[in-house]
Amino acid sequence: MANIKLAEDKLKALIEVCKSFNNEKGELINVLHKAQEIFGYLPAEVQEVVAHELNVSVATVYGVVSFYSFFTMKPKGENPISVCLGTACYVRGAEKVLEEIKKVAKVEVGETTPDGKFSLACLRCVGACGLAPVLMIGQKVYGRVAPEKVNEILAEY
Amino acid sequence: MAKIKYHILCCGGTGCHASKSDVIMSRFNEVINEKGLTSDAKVVATGCFGFCEQGPIVKILPDNTFYTRVTPEDVEEIINEHIIKGRKVTRLLYTDPAKNEHIEDSKHMNFYKKQIRIALRNCGFIDPENINEYIAREGYEALSKVLGEMTPQQAIEEVKLSGLRGRGGGGFPTGLKWEFASKYQADQKYVVCNADEGDPGAFMDRSILEGDPHSVLEAMEICGYCIGATKGLIYIRAEYPLAIHRLKVAIKQAREVGLLGKDILGTGFDFDVELRYGAGAFVCGEETALIHSMEGHRGEPTVKPPFPAESGYLKKPSNVNNVETFANIPVIFNKGANWFNKIGTERSKGTKVFALAGKINNVGLIEVPMGTTLREVIYEIGGGIKGGKKFKAVQTGGPSGGCLTEKHLDVPIEYDTLIAAGSMMGSGGMIVMDEDNCMVSVAKFYLEFTVEESCGKCTPCRIGNKRLHEILDKITKGHGTMEDLDKLKNLSQVIKDTALCGLGQTSPNPVLSTIDNFWDEYVEHVTVKKCRAGVCTSMLKFVIDPEVCIGCTLCARNCPVNAITGERKSPHQINQDICIKCGTCKEKCKFGAISIK
Ligand SMILES: Cc1cc2nc3c(=O)[nH]c(=O)nc-3n(C[C@H](O)[C@H](O)[C@H](O)COP(=O)(O)O)c2cc1C
Ligand code: SF4
Ligand code: SF4
C-alpha cells in the first residue's frame, strides 16, 4: 500500500482520543470507533498510530480491524450506498435492488466508483423491516425500494 | 397550568424515523404554535408502536386515535379537524383489511387485541428521553422496593418464582443464573446487558432500548444488587445510533436524580452503567465472545465452563442477560412473581416479543403470551400473507433456527415445542415466506450469513459451512445431484456435533429444517432442475410462443446478449445457450408471447 500522509489536525485529534481513553489497551475498539469517525476509514497508517499510542502490536490492531465488519480499511465514496440484506429485506427482494444498483451506479459491492461519487456495501438489518427492502445513502434511509425506483433515487445525487 | 387536552404521540423509532417522522413532529409543533394551541395539545416523541407496516404512525390521546402513513402535509388537517373541531380525519385512520372498515380506537385493532405488552409496556407511550414519564408509569418503583424491602436472596427467589427464562435465545432460567453469579466471591462483579442483536431481521432489543431505556437500566441495578455488582455494561451495536443516543440520555438523567451512581435512594447501594460498542460481528452476541470484545479483543468464543458467572469480564464474575430479559424484571417486582407466572404456559412463562417481518400484511413488533400459536400470530395479528399469496413457511430463530410450515401452524410458541418442531425461539426474529420464496435459496441465504460471520476459530464451522454453502449454490445453479443432498445432511450433522460455539452448532439448522420440510423442493431442483418459486434464475427458461409472436423484433433489439433471432414478421426464437435470463424480453413484449417455463 502506498503510504499516505495523515492530515496534521486529524492526527492530533486521534492522539487526543487515545489519551481520553487513558491509552488503555482494553479500549482499543472504542478508540477505533472514534478513529473511523475522524478519518472515515482505518488505513494502515492510522492503525500504526493507534498501536503505538496504546502500546500494542500493529498485528493486534489489524486483527481487530479485520475481524469486525464495521471497520473499513478503504475510503468510502462521497455517497456511500448500503443495501440491507437482512432476512426481512431478502425475502422481499433486496437482491434484485442490489443488482439494479450495481448496474445503474456501475459499482461492485465493497468498491467505490472511479470518480469517488458512490461506494456500495451490504449491511445486515438496519431495523426498518417494516419498510423492506431498505437502502441507505449516507444517513438517509429509503424504504419500500423497488428495482425500478433505483434510477430515480440515484439521480438525486 | 390548564391540563393539556390532547397528546399527540409520534413514533420516533428507527423505522418511522426513516419515513420522516421527525419532520412530521416539527410540523406539528409549528402548526400548534401558529394557531396558539400550545395549552391544548402537546407533541410527544415516543418509541416504536410496533405497527411499523403502517408507519409513520401518529396516535392521539385520550381517544386512542391511530393515524397511519402520515405525511408532513397531513399535519395541518389533523390539527384543524381533530384538535380544533374534535372530528377524526377518517382517511388516515387504520382500515381493517378484512372488513374494509376504519377503526377509530387502536384497542379494537386485531393487531393489538391478542397482544400482552410487558417488555414493551412503555414503548409508544412515553417519551424515552424524559425520565419523569418513565417514573410516572411505575418506573424505578421496583428498584426502590428491592433495595428498601428485600435482601438479595429474597429478590433472587422472586425472579426464580416468576419462571422468567432468558430471551436472548438460550432460554436459561434467569433467577438461577443470578443465583450462580451471586455465589462467587470477588472484589468486583459485573452486570452485562447483551444488546448485540445479531439476527438479521430482528429489531426487538433495539426497539426496547429506543422506546424504554430506563426499564433496562432499572433491571440492571436490581440485578447488581442481587449478585453484588456495582458496575453495569451494555454491549450495543454501533449500528444502532438512535438507541445509543437514548441510552446516553437515560443514563445521564438517572445519574442527575440519584437513580444511578453512589448511594442510590439513600440505601448505600452504588451502581453505575457504561456503554460498550460492538462493531458488526454476529458471533459477538455469544456471551464469551461478547466479553472478549468488551475487553478490546477479537470477539472469538471460548469453551464453557468456565461460565461468565465464574469468570467473565476481566476474569471477574459477570452476569449476562439479554435486553428483553431485563425489560421484564421491573414488572415482576411491581406486579409480583405470582402474577407473572400465571401468564404463558407450564414451562415458558410470560410473553415473548417478536419482530414480525417478511411477506406479511402487518409487519411490526409484537408481544404475545407464550403458548400463542403461530397461526394466531400470522393470521390474526399479522393479518395474513401479503397480496393474498399462499403461506409457505415461517422462520424463527434467525441463522440458528429453522423454517416451519403449514403443518406447524398450530404449534404453541414455547421454548421446548419450537425445538421439537425443528426450529427454536431464538431472540425473536419471525420471518414469513410465501410461495414466491425458494426454500433452497433461503437456506443458502442463511449459510452465506454464517460463512461470513464464522469467526474462523474452529474447523467444522469455518470450512464445513463453506462447503455447505457451495453445495447449496451448486443446487440453485442447477448442477446439483441426489448425492449432494446426502452430503448436505451428513455434513450438517458433523458440524452440529463438533463446532465449538453456539454459532457453529446451530448454523446447519436452516439447511436441515428446509430439507426436512421441503424435501420435494430440493429433489425438484436436482432432478428436473426446476425451481417452483422461480427464484433460481439459472433454471428458468424463457420461451417464445410461435402462435402468439407477430415478429415485431422488439425483444431481439432489447436483448442485451443478442440471444433472440428471427425474421421480421415471423416468430422469433431464444437461443438458450446465450440467454442470461435477465427477463428483459418478457417485459418488452407487448403481445405476451414470452413465458417462463
Ligand atoms: C452465535 C450466537 C449469537 C447470539 N446472539 C445473541 C444476541 O444477539 N443477543 C442476545 O441477547 N443473546 C445472544 N446469544 C445468546 C447469548 O450467548 C446469551 O445466552 C444471552 O445473552 C444470555 O441472556 P439471556 O439469558 O437473558 O437470554 C447468542 C448466542 C450465540 C451462540
Ligand atoms: S463454531 Fe464458528 S463461530 Fe463458533 S468458535 Fe467455531 S468457528 Fe468460531
Ligand atoms: S417482442 Fe414479442 S411479438 Fe415481438 S418478436 Fe419478440 S416475442 Fe415476438
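The numbers here are math on the coordinates, done by the rules we state, and not lab data. Computed from a predicted model, the values in this text were never measured in an experiment. In this analysis, Cβ positions are derived from the backbone assuming ideal geometry, glycine residues included, and neighbour counts consider all displayed protein chains.
Cα centroids of the stretch A:45-79 and the stretch B:208-236: 31 Å apart. Divide the volume of the convex hull around the Cα atoms of chain A by the residue count and you get 126 Å³ per residue. Between the residues B:I222, B:F307, B:A499, the greatest Cα displacement towards the positive end of the dipole of the protein assembly as shown, with unit charges on the Cβ of Lys, Arg, Asp and Glu, is found for B:A499.
Approximating the spin labels as points 7 Å out from Cα along Cα→Cβ, the A:E37-to-B:V528 distance works out to 5.9 nm. Seen from a random direction on average, the alpha-carbon convex hull of the stretch B:439-528 projects onto 4.8 square nanometres. Cβ crowding within 10 Å ranks B:T90, B:T584 as B:T90, B:T584, fewest other Cβ atoms first. Partners of B:K530 within straight-line reach, counting lysines whose Cα lies under 17 Å from its Cα and excluding those fewer than 8 residues away in the same chain: B:K444, B:K474, B:K477, B:K541, B:K581, B:K597. A simple spin-label model places the labels of B:L554 and B:D516 5.0 nm from each other, with each point 7 Å out along Cα-to-Cβ.
Across the stretch B:258-369, Cα-Cα pairs more than 24 Å apart make up 51 percent of the total. Along its first, second and third principal axes, ordered by size, the stretch B:131-340 spans 42, 36, 32 Å in Cα coordinates. For the stretch B:359-399, taking the reciprocal of the average inverse distance between every pair of different Cα atoms yields a Kirkwood hydrodynamic radius of 11.0 Å. At each listed q (0.15, 0.16, 0.24, 0.26 Å⁻¹), what is the log10 of I(q)/I(0) that the Debye formula gives for the stretch B:540-596 modelled as equal alpha-carbon point scatterers? Summing over Cα pairs of the stretch B:540-596 leads to -0.32, -0.36, -0.88, -1.05. With the highest mean first, a sort of the peptides B:239-249, A:145-155 on other beta-carbon atoms found within 10 angstrom per residue produces B:239-249, A:145-155. Residues within the reach of a label modelled at B:Q153 (point 7 angstrom out along Cα to beta-carbon, backbone nitrogen below 18 Å), restricted to the stretch B:190-232, are B:225-229.
Note on B:K88: lysines with a C-alpha under 20 Å away, same-chain residues under 8 apart excluded, are B:K5, B:K35, B:K42, B:K59, B:K99, B:K107. Evaluated with a Cβ-only charge set (Lys, Arg +1; Asp, Glu -1), the stretch B:38-175 carries a dipole of roughly 540 debye about its Cα centre, given to the nearest 20. Net charge in the neighbourhood of B:A309 (other residues with Cβ under 13 Å of its Cβ; Lys, Arg +1, Asp, Glu -1) is +3. Just the Cα atoms of the stretch B:94-177, one point each, no solvent: what log10 I(q)/I(0) does Debye give at q = 0.15 Å⁻¹? Results for the stretch B:94-177 at q = 0.15 Å⁻¹ read -0.84. If both residues of a DSSP beta bridge must be in chain B, then about 55% of such bridges are antiparallel.
Only helices enter this figure: runs of n ≥ 4 DSSP H residues, each worth -39500 (n - 2.57), summed and divided by the residues of the protein assembly as shown, yield -10500 deg cm²/dmol at 222 nm to the nearest 500. Computed from the alpha carbon atoms alone, the convex hull of the stretch A:79-155 holds 72 Å³ per residue. Distance between the C-alpha centres of the stretch B:259-287 and the stretch B:293-328: 12 Å, rounded to the whole angstrom.
Could you tally the net charge around B:K183, taking each other residue with its Cβ under 15 Å from the Cβ of B:K183, Lys/Arg +1 and Asp/Glu -1? Taking every other residue near B:K183 into account, the sum is +1.
If R0 is 35 Å, the Cβ-Cβ spacing of B:L314 and A:A44 corresponds to a FRET efficiency of close to 0.70.
As a calculated quantity, the FRET efficiency between B:V23 and B:S144 at R0 = 30 Å, using C-beta atoms, amounts to about 0.15. Using a cut-off of 31 Å between Cα atoms, the listed pairs B:K114/B:K335; B:K252/B:K457; A:K74/B:K352; B:K252/B:K349; B:K252/B:K316 include B:K252/B:K457; A:K74/B:K352; B:K252/B:K349 as exceeding that distance. Selection among B:G566, B:Q115, B:A41 by position relative to the dipole of the protein assembly as shown gives B:G566 as farthest towards the positive end (Cβ unit charges, Cα centre).
Near A:F21, within a Cβ-to-Cβ distance under 11 Å, what is the net charge of the other residues, with Lys and Arg +1 and Asp and Glu -1?
Around A:F21, the surrounding residues sum to -1.
The mean number of Cβ atoms from other chains found within 10 Å of a Cβ in peptide B:355-361 is 5, as a whole number.
Using Cβ point charges alone (K and R +1, D and E -1), the dipole size of the stretch B:350-423 about the Cα centre works out to roughly 440 debye. P(r) tail, the stretch B:270-320: Cα-Cα pairs separated by more than 15 Å, 43% of all pairs. Among the residues of B:53-62, the average count of other protein chain beta-carbon atoms within 10 Å of the residue beta-carbon is 1.
Scaled to the globular estimate 2.2 N^0.38 Å, the Cα spread of the protein assembly as shown, given as radius of gyration, is 0.99. For the stretch B:136-243, the equivalent ellipsoid derived from the Cα gyration tensor has semi-axes of 24, 16, 14 Å, listed largest first. The fraction of Cα-Cα pairs per 10 angstrom bin, counted from 0 for the stretch B:6-108, comes to 16, 53, 28, 3, 0 percent, rounded to whole percents. With neighbour counts taken as other beta-carbon atoms within 10 Å, the residues B:S39, B:S427, B:S293, B:S348 rank, fewest first, as B:S39, B:S348, B:S293, B:S427.
Both the radius of gyration and Dmax for chain B are 27.0, 92 Å, in that order, over alpha-carbon atoms. Residues in the stretch B:527-547, backbone N under 17 Å from the label point at B:N575 (7 Å along the Cα-to-beta-carbon vector): list them, ranges by number please. Within reach of a label on B:N575: B:542-544.
Shielding by partners for peptide B:424-431, expressed as the average number of C-beta atoms from other protein chains within 10 Å of each residue's C-beta, is 2. Using equal-weight Cα scatterers in the Debye expression, the normalised intensity of the stretch B:384-473 in log10 at q = 0.12, 0.18, 0.26 Å⁻¹ is -0.43, -0.87, -1.26. For the stretch B:351-434, the C-alpha radius of gyration sits at 0.94 times the compact-globule guess of 2.2 N^0.38 Å, with N the residue count.
Calculated on C-alpha atoms, the gyration radius of the stretch B:444-597 divided by its Kirkwood radius gives an Rg/Rh of 1.16. For the stretch B:43-108, averaging the sequence separation of C-alpha pairs within contact (under 8 Å, six or more residues apart) and dividing by the residue count gives a relative contact order of 27 percent.
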